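The values are calculated or read from the model by the stated rules, or taken from the named source; none is laboratory data. Because the structure is predicted, anything quoted here is derived from the model rather than measured. Positions of Cβ are generated from backbone atoms using ideal geometry, with glycine treated the same way; all protein chains shown enter the neighbour counts. The accessibility values were calculated without ligands, DNA or RNA, using every heavy atom of the protein model including side chains. Shrake-Rupley method; radii C 1.70, N 1.55, O 1.52, S 1.80 Å.
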Amino acid sequence: MRRLFIAGNWKMNLNRGQSLSLVQSLAESLRGVSEVDIAVCPPAVYLGELGKALHATNIGLGAQNVNSKAEGAYTGEISCSMLKDVGCRYVILGHSERRAIYGETDSMVNEKLHAVLAAGLTPIVCVGETLEQREAGQTQQVVRSQCLGSLAGLTEDQMLKTVLAYEPVWAIGTGKTASPAQAEEVHKDIRSLLEAQFSVGTAQKVIVLYGGSVKADNALELLSEPNIDGALVGGASLKQDSFEGIIKAATSVRK
Ligand code: PEP
């Protein structure tokens, strides 16, 4: 039995006051929610302050990126131990914006993944095809290759500690959502890949999120699919009512 997980990726949005006020309101309104795991991933500069605000709440704190090195001359970078220090539990890795804008490759994601797991943080590893790749019939091949490259060298135990997020690039921030059937098809294929690489038991336990224009009004149908275990939410995680609406939908899903 997999627990549903809803994580908000704020990207480079909200100022300090807005960030604090959003987490305070969410902590208050989501206080009784125990059937769904929840996290927010704010900009790195606010992690310390928000970590304090979220301490002893049911909302986990996540970062949007990390450097794989432990310390040293890496100007502008942040290490896993620094993230742990300020109360982070999760780290998003290989988001399509980082892959497309900052040139992150599967092997860079893989290096970061090993560092994140070694530090005892929970990685959320993103994969997904572009519109061009989907239209060329390459979705399965692209997603499988990103999974194999990003997850290389993981033990079965490490795989169980890793969250995956299928995020079709054409659905991110565009208002175009994959239909529940389109998303389920890819999620099911990711699970069969995990089965082949690890075991049936592990494949059944790994949390695989869907991301791409998830909103309060389409969350229920997506989350009701058997292989979709939650959502990585961008735009709709920036407002209390829309993020809460998605979490409410998740609490009503029985799997
Ligand atoms: C994301 O950035 O991971 C994302 C899914 O964004 P949005 O929900 O805005 O499409």
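Here is how the numbers come out for the structure above:
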item	result
Positive dipole terminus of the chain, leading residue within A236, V143, H114 (C-beta point charges)	A236
For the range 82-206: rounded, prolate or oblate by the Cα gyration tensor [a/c cutoff 1.5]	oblate
Cα-based Rg and Dmax for the range 162-255, where Dmax is the largest Cα-Cα distance (Å)	13.1, 40
Solvent-accessible area per residue for the range 1-127 (1.4 angstrom probe, square angstrom)	48 Å²
Modelled FRET efficiency - R0 22 Å, E71 with S107, Cβ distances, 0.05 increments	0.55
Distance (nanometres) between label positions extended 7 Å along Cα→Cβ at H114 and V200	3.2 nm
FRET efficiency, S252 to K52 (Cβ-Cβ, R0 25 Å, nearest 0.05)	0.20
Of the GluC sites (Glu not before Pro) in the range 1-110, those whose Cβ has at most 15 other Cβ within 10 Å and which sit in DSSP loop	E35, E71, E77
In sequence order, calculated HN-Hα J values of the range 92-103 (Karplus, 6.51, -1.76, 1.60; Hz; x Gly/Pro)	6, 10, x, 4, 4, 5, 5, 5, 7, 8, 10, x
Carbon/sulfur fraction of accessible area - the chain, other protein chains in place, 1.4 Å, %	51 percent
Residue-averaged 222 nm ellipticity for the chain, from DSSP H runs of 4+ at -39500 (n - 2.57), nearest 500	-12500 deg cm²/dmol
Overall form of the chain per C-alpha gyration tensor (a/c, 1.5; a/b vs b/c)	rounded
